[in-house]
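Peer 1: Sharing a structure, written as structure tokens. Questions coming.
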Amino acid sequence: MKITHASINEQGKRPYQEDTIGWGTAGERTIFAVADGLGGHGCGDLASKKIVEIALGKLTEDCEIEEYLSEIFCMGNMELCRLQEENQMLNSMKTTLAVIVIEDRIIYGAYIGDSRIYIFEKGKITYQSLDHSVPQMLVSAGELPPKKIRNHPDRNRLLRVLGDRERQIKPQIIPSYRMGRAASILICTDGFWENVLESEMEKTLKKSESPEEWINRMKRIAQKRGRHKNQDNFSAVCIWVSRS
């Protein structure tokens, strides 16, 4: 199996970079993680870095993957809550997390918050994660069209995040996905997907000959669309998987 990837980690027009991305391997397993910190003043930055560090560090070549995925969210939340209790300056630190693990043509994943996971085959989206947010809740209830999520006034109100001491942490484990001959994966923060439509993800993918070309095409769209507003941090990892 051949895996290639490319990534961006852009600050946008914000005073802080609170997104963190990471990847690594454990035996035949490959992991990618994207986190979007919340809290400002360095709190979100620390939260996202800490949770990605935990996700990468806890993967082993013999662990049960779905148990591992549940465990890192639980451990990560406990660690962020511990840091909050030790330092009141970090009381507002929270983060989203989206993780993908690839092994033997199977794609495993989990997420919490509004950092997204997309899986593509033959240039088309075959899986898209659903945000843990107020607008997504309204969409699920039939009260809001999906295309209205990006501009909804409550789009940044998240129902699940890591670092929450008041609500139960419940990550979304995505169904294990067995790919065909090849698959493409996009993991990204909300600052990225809010400026790149799903149709544009598919269109740029079909035109690209490498993950680098794909992500750079989408980056230009995100920059152009966000240039007249206070553009958020935006980060993404593009992954191409194929039979070797």
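The values are calculated or read from the model by the stated rules, or taken from the named source; none is laboratory data. Computed from a prediction, not measured in an experiment: that's the story for all the values here. All Cβ positions, glycine included, derive from the backbone under ideal geometry; neighbour counts span all protein chains shown. These area figures cover heavy atoms from the full protein model, side chains too; ligands, DNA and RNA do not enter into them. Shrake-Rupley method; radii C 1.70, N 1.55, O 1.52, S 1.80 Å.
Peer 1: Run the numbers for LYS58 and ARG105: contour at 0.36 nm per residue of separation, minus the present Cα-Cα distance, in nm.
Peer 2: Numbers: separation 47, 0.36 × 47 = 16.92 nm, distance 2.12 nm.
In short, 14.8 nm is gained.
Peer 1: Quick one: if the Förster radius is 41 Å, what FRET efficiency do THR25 and GLN88 give, using the C-beta to C-beta distance and rounding to 0.05?
Peer 2: 0.60
Peer 1: Counting only protein heavy atoms and a 1.4 Å probe, tell me what percentage of the stretch 170-221's accessible area is made up of carbon and sulfur. Write down the numbers at each step before the final one.
Peer 2: On the way: 1050 of 2300 Å².
Accessible surface attributable to carbon and sulfur in the stretch 170-221 totals 46 percent.
Peer 1: Multiplying the sequence separation of ASN216 and LYS203 by 0.36 nm and subtracting their Cα-Cα distance, what value in nm do you get? Mind dumping the intermediate values first?
Peer 2: Numbers: separation 13, 0.36 × 13 = 4.68 nm, distance 1.30 nm.
Full extension from ASN216 to LYS203 adds 3.4 nm.
Peer 1: Another question, if that's okay. What's the local net charge at ASN230, with K and R +1, D and E -1, over the other residues with C-beta under 11 Å away? Show your work: numbers first, answer last.
Peer 2: Working: positive: LYS13, ARG14, ARG227, LYS229; negative: ASP232.
The answer is +3.
Peer 1: Take each of the peptides 95-108, 22-35, 167-180, 120-133, average the number of other beta-carbon atoms within 10 Å over its residues, and list them starting from the highest.
Peer 2: Working: 95-108: 22.2, 22-35: 19.9, 167-180: 14.7, 120-133: 17.0.
Order by mean packing, descending: 95-108, 22-35, 120-133, 167-180.
Peer 1: Over the chain, with the other protein chains present, what is the accessible area per residue in square angstrom, probe 1.4 angstrom?
Peer 2: 48
Peer 1: Determine the sum of side-chain charges near LEU69: Lys and Arg each +1, Asp and Glu each -1, restricted to other residues whose C-beta is under 14 angstrom from that of LEU69. Don't jump to the answer; show the numbers that get you there.
Peer 2: Numbers: positive: ARG29, LYS58, LYS170; negative: GLU64, GLU66, GLU67, GLU71, GLU103.
Computed value for this residue: -2.
Peer 1: Highest mean first, how do 135-145, 210-220 rank when packing is the count of other Cβ atoms within 10 Å averaged over residues?
Peer 2: Details: 135-145: 14.1, 210-220: 17.9.
Top of the packing list down: 210-220, 135-145.
Peer 1: On to the next question. Given a Förster distance of 25 Å, report the FRET efficiency between ASN230 and LYS147 from their Cβ-Cβ distance, rounded to the nearest 0.05. Display every interim value, and only then the final one.
Peer 2: Details: r = 22 Å, r/R0 = 0.89.
Efficiency computed from Cβ-Cβ geometry: 0.65.
Peer 1: As a test of the formula, what do you get for the chain when each DSSP H run with n ≥ 4 contributes -39,500 (n - 2.57) and the sum is divided by the residue count, at 222 nm and rounded to the nearest 500 deg cm²/dmol?
Peer 2: Working: 6 runs with 75 residues, N = 244.
Helices in the chain give a 222 nm mean residue ellipticity of -9500 deg cm²/dmol.
Peer 1: Within the set of other residues whose C-beta is less than 13 Å from the C-beta of TYR111, count the net charge using Lys and Arg as +1 and Asp and Glu as -1. Spell out each step's value before the answer.
Peer 2: Values: positive: ARG116, ARG160, LYS170; negative: ASP36, ASP114, ASP131, ASP190.
Charge balance in the 13 Å sphere: -1.
Peer 1: Follow-up question, since we're still on this one. Excluding same-chain residues fewer than 8 positions from LYS203, which aspartates and glutamates have a Cα within less than 12 Å of its Cα?
Peer 2: none
Peer 1: Same structure, new question: Given a Förster radius of 30 Å and the C-beta distance between ARG178 and GLN11 as r, what FRET efficiency does 1/(1 + (r/R0)^6) yield to the nearest 0.05?
Peer 2: Numbers: r = 37 Å, r/R0 = 1.23.
Efficiency at R0 = 30 Å is approximately 0.20.
Peer 1: Could I ask something else about it? Beyond a 31 Å Cα-Cα separation, which of these cross-linked pairs lie in this structure: LYS49/LYS170; LYS50/LYS122; LYS148/LYS206; LYS94/LYS224; LYS94/LYS207? Provide the component values of the computation, followed by the final result.
Peer 2: Numbers: LYS49/LYS170 20 Å; LYS50/LYS122 35 Å; LYS148/LYS206 26 Å; LYS94/LYS224 29 Å; LYS94/LYS207 37 Å.
Beyond 31 Å between Cα atoms: LYS50/LYS122; LYS94/LYS207.
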